[in-house]
Amino acid sequence: MTPFKRLIAWPVVAAAGFFPVPVSASYPWNFPAPVTPIARETLHVHDIFLEIIVTIFLLVLSVFLYSIFRHRKSRGYPAAKFTKPRTPLQWALISIPFLILTFIDYVILGVPAYHAVLALANTHNSRMVVRITGSQWKWQYAYPGLGIKYISRLSTPEDQIDNEDPKGPHFLRQVNHPLVLPVNEKIRLLVTSDDVLHSWWVPAFGVKQTAVPGFLRSTWVNIDKPGVYRGQCASLCGIGHAFMPIVVVAKSQAGFQRWVAKEQTAEAEQVAETSVTMTKAALLAHGQKVFQNNCSVCHQATGLGIPGTFPPIAAGHPFQAAPQMTQAIQKRGFYKNGVIVIGPVANHIRIVLHGIPGTPMPAFASQLSDVDIAAVITYERNSFGNHTGDVVQPEEVRNARQEH
Amino acid sequence: MSTGVLHTGHEVHPPSGWRRWLFTTNHKDIGILYLVFGFGMLLVGGSLAMLIRTELMRPTMAILSPEAYNQVITLHGLIMVFAAVMPITTGLANYLIPMMIGAPDMALPRLNNWGFWLLPAAAVTLVIPIVLKLIGIGNGAIDTGWTMYAPLSVQAGPGVDFAIFAIIMLGMSSLMSSINIIVTIFNLRTQGMTMMKMPIFVWSWLITAFLLIAVFPVFIGAVIMLFADRHLGTNFFNPAGGGDPILWQHLFWFFGHPEVYILFLPTAGILSHILATFSRKPMYGHRAQIYAYWAIGIMSVMVWAHHMFTSGLSVPVTLYFMYSTMAISVPVAVLFFCWIATMWRGSMTFETPMLFALGYIVLFGIGGLTGLALADAVADQQYHNSYFLVAHFHYALFGGPVMGIIAAAYYYLPKVTGYMYNERLGKWHFWLTVIGFNITFMPQFFLGIAGMPRRIPDYALQFASLNMMSSLGAFVLGSAQLLFVYNVIRTVRHAGAKATDRVWEGASGLEFTLSSPPPYHSFSVQPVVD
Ligand SMILES: [Cu+2]
């Protein structure tokens, strides 16, 4: 930390110390230690900036304060009358601060900024690509070359958020399945979104990339230290915006290879499962987990939804919403005479696979496996007081996928 | 300047009761309406800020659900920008410009009346969804953030439609008042009042009015496109239909960046008057300030995409917006130079308006300098959408415009009411505001660089102590404003000493040649300026 930073930082931190609230060990008031070339560059630029702007500020402030203390009526100071520079010398003197400012803008700051912009944009020469897709409210990570793909979402228990349990050290910054990357390798990140804008931000990497639906944006990292790095979504994306953290685990090359091998077997096992017929009990048990993780943010853990926006899943419940919405739901067979009913299985599978375009109901085809989808539909049709007795097998979901 | 109070003798008296205010075409009445409305909404927006800081005091979901939180932050932003600060500066323009240029009224008085009465209608439209929600209809007000980024604003609930209609009304209102101000300035200046002799506040508003006419129609167009995407099946912002969500950002910020200067410029103008008055010295660099306004006005429409450095701009575009943004620092520095040179070797006293003006210079200075840091496209990867940004624009918008309008309120209150406000209370108000403000927003710079994003109702534990500090500061800042309300009410009820016509020893300008309070119709006979 530069002396300048210390100068402004310590009163703030000292004052903060007076307020006894739970704090984790990491510094709450500075950049996390940078671990990529871009983050190091950013921190460097930030330090120069801080030194310059604090210097300018203090210089101008001292002139300002001098004037306030010297040129006051109470000390009998007579007012001058000047309104502009008169002599060429005065003009020359006055232009000095502006020349200095221009020099600071375009040379001291402008030149490093130029190189940094080019460096950040240079995504060439990367041997590895990871595709990051934001969706409400989770991140999907895919390694195209390696056949690995999974979803990463908040794993802080509900009870900690609701203050029923004490909060853990990584409250709101922990996930079920972190992104794993190797160190010392230039990795290209392709960022996009499934629904609204999100923004993938890990401060220790100096990377913040908006995820724009329909477009691929690319950026890169080259991490030089193994470790766990945390960040979160930085673009308002609806009610779950505060709850879509990012955790990256950087491993040595060997560690990364071991992780890849393990993931690949797990994926293979999942594919094998799809052709197996599952018991109702197994589907229900798995379905509950899938529902909690993917659906309850909107349809609620109780299955009762939120009036006006998210329809209930429980049959027999009234649902008040704009007529365009209820009419559409009725057409799909999930609504009759003001209450929710359970619609046809085929529609149910189609809705979960492909979402409902133009509404917040997402398409889960690329996020959930056939087993997941079969399980969650079975669960929905036999829980929350629903008793259809229907059992949907992974096979059916796979066939439904093929229809399109 | 040679002029006194010039009446025609047969004063026309205003009708009494509500008719006076509803039908008025008198610039002073309309000015007062704008000011009362604007300061009222400032309190509403401030109360929303108190809700936000209460929610953020500890890392837990305290008083607001995430749905409610998003509505509160969105309304806080929209109300502060469109329903508080803009109406207040427009109110000052209506009240002061005719008196400053020696005109009997605004050039288009009836348009002036319409322009004002659209505002309460717009404010009601903006917040009515909350009332509807309370009685079980719909899902509340707009919750997309004041920037209304697509596609979130395309898929969000009907609160967005209400906001769209409110924005169209607010835009019409602003356009009407801008046209009125330009016509008044060009046609109704009194004899001898050349453009270059015009008071600097009038100049600042002239540039502001041109800016509004240049950019507000673009924003109105953008919200109509958004409405069409939501209801008429167009795909301007929908990638699946060939549109682009980033188009919204370009349109929004083409308006949104100049908007910052629309809020800033009029208060910069007032600031120059106040500094000259309490330094008992003529304003330094009148002409330089006019040129700086022009430069700021023109540059402000050419830098918008610096709000989008993380959205994925190409390298040349990034470089252009980075360097053009840095260029604005020069004309802004000219203003700072002129302000300090106006104080330099003056004979200063420190009444409340002067205190707020000095506070303005320091706080806005911090906002401006941190803005320079944000201009760096790569460092912006870290600052953007973090609390660093929140701190920056509160230093720029509270430290500048809000401090400026409070200074203006104290400065002109005696002129408007004919009575002095309570100086002791005013000083308390100032110190509590400045101290509370810094305790609120200084920690937010550090929260931002440590990694806390904006617009979240709950956060990781490492941010806890600075958030607690920020919230406590906000409560000091919020309660300090009650002193202001009390002081104004007291003065309006004539509790203080009588004000002289000139009010302040160092004051100059045509408005100070009129009585305090000024007659209902002033300058029915043209004064002459030489
Ligand atoms: Cu997000």
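The values are calculated or read from the model by the stated rules, or taken from the named source; none is laboratory data. In this text the structure is predicted, and so the values were computed from the model without any measurement. Don't worry about glycine lacking a Cβ; one is built from the backbone with ideal geometry, like all the others, and counts go over all protein chains shown. The protein model used for the area step is the full one, side chains on, heavy atoms only, and it has no ligands, DNA or RNA in it. Shrake-Rupley method; radii C 1.70, N 1.55, O 1.52, S 1.80 Å.
Within segment A:51-75, the set of residues being within 8 Å of another protein chain (Cβ to nearest Cβ) and of a type outside the set (Lys, Arg) comprises A:Ile53, A:Ile56, A:Phe57, A:Val60, A:Leu61, A:Val63, A:Phe64, A:Ser67, A:Ile68, A:His71, A:Ser74. Please find, within segment A:169-208, the residue that is nearest to the ligand (Cβ to nearest atom) out of those that are in a loop (DSSP other than H, G, I, E, B) and β-branched (Val, Ile, Thr). Taking the candidates together, the pick is A:Val196. Here B:Gly256 fits the description: away from chain A (no Cβ under 12 Å), touching a His at 6+ places or on another chain (Cβ under 8 Å), over 30 Å from B:Thr349 (Cα atoms) and not β-branched (Val, Ile, Thr). Regarding B:Ile456, is this residue aliphatic (A, V, I, L, M) and surrounded by fewer than 23 Cβ atoms within 10 Å (Cβ to Cβ)? Taking the combined requirement at face value, the residue does not satisfy it. Could you tell me whether segment A:188-203 includes any residue that is among the aromatic types (Phe, Trp, Tyr) and at the interface with another protein chain (Cβ under 9 Å from one of its Cβ atoms)? Yes, the conditions are met somewhere in segment A:188-203. Can A:His170 be described as in contact (Cβ under 8 Å) with a residue 60 or more places away in the chain, at the interface with chain B (Cβ under 9 Å from one of its Cβ atoms) and open to solvent by 40 Å² or more (accessible area, probe 1.4 Å)? Yes; evaluated as a whole, the condition is true for this residue. Residues that are touching a residue at least 60 places away in the same chain (Cβ under 8 Å) and under 17 Å from B:Pro316 (Cα atoms) were ranked within segment A:116-145; the one that is farthest from the other protein chains (Cβ to nearest Cβ) is A:Thr123. For segment A:209-307, the helices (runs of 4 or more DSSP H) that sit wholly inside it and include 1 or more residues that are within 16 Å of the ligand (Cβ to nearest atom) and surrounded by 18 or more Cβ atoms within 10 Å (Cβ to Cβ) are A:280-294, A:296-299. With respect to the conditions (1) within 7 Å of chain B (Cβ to nearest Cβ); (2) open to solvent by 80 Å² or more (accessible area, probe 1.4 Å); (3) touching a residue at least 60 places away in the same chain (Cβ under 8 Å), A:His44 lacks only one, and its number is (1).
Looking only at residues in segment B:312-323 that are open to solvent by 20 Å² or more (accessible area, probe 1.4 Å) and more than 7 Å from chain A (Cβ to nearest Cβ), the one that is nearest to B:Ile290 (Cα to Cα) is B:Tyr320. Of all the residues in segment B:300-315, those that are within 30 Å of A:Asn122 (Cβ to Cβ) and either assigned to a helix (DSSP H, G or I) or at pLDDT 95 or above (or both) number 6.
Which one is nearest to the other protein chains (Cβ to nearest Cβ) among residues in segment B:118-165 that are in a helix (DSSP H, G or I) and among the hydroxyl-bearing types (Ser, Thr, Tyr)? Ranking the candidates gives B:Ser153 first.
Look at B:Ile63 and say whether it is within 14 Å of chain A (Cβ to nearest Cβ), more than 20 Å from the chain's Cα centre (by Cα) and in contact (Cβ under 8 Å) with a residue 12 or more places away in the chain. Here the answer is yes, as B:Ile63 does meet what is asked. Would you say B:Phe446 is within 27 Å of B:Gly404 (Cα to Cα), modelled with pLDDT under 95 and part of a helix (DSSP H, G or I)? Considered against the rule, which asks whether it is within 27 Å of B:Gly404 (Cα to Cα), modelled with pLDDT under 95 and part of a helix (DSSP H, G or I), B:Phe446 comes out as yes. For A:Lys84, the requirement of being within 9 Å of chain B (Cβ to nearest Cβ), out of contact with any Ser or Thr (no Cβ under 8 Å at 6 or more places or on another chain) and either more than 30 Å from B:Ile63 (Cβ to Cβ) or open to solvent by less than 40 Å² (accessible area, probe 1.4 Å) (or both) is met. From the list A:Leu89, A:Leu93, the lone residue that is more than 30 Å from A:Ile187 (Cα to Cα) and within 14 Å of chain B (Cβ to nearest Cβ) is A:Leu93. Scanning segment B:275-287 for residues that are open to solvent by 40 Å² or more (accessible area, probe 1.4 Å) and in a helix (DSSP H, G or I) gives B:His286, B:Arg287. Might you check whether a residue that is in a loop (DSSP other than H, G, I, E, B), in the same structural domain as A:Thr279 (by TED's automatic domain parsing) and polar (S, T, N, Q) occurs anywhere in segment A:329-348? The answer is yes; a qualifying residue exists. Selection of segment A:146-162 for residues being on the phi < 0 side of the Ramachandran plot, away from chain B (no Cβ under 14 Å) and away from the ligand (no atom under 16 Å from the Cβ) yields A:Leu146, A:Ile148, A:Lys149, A:Tyr150.
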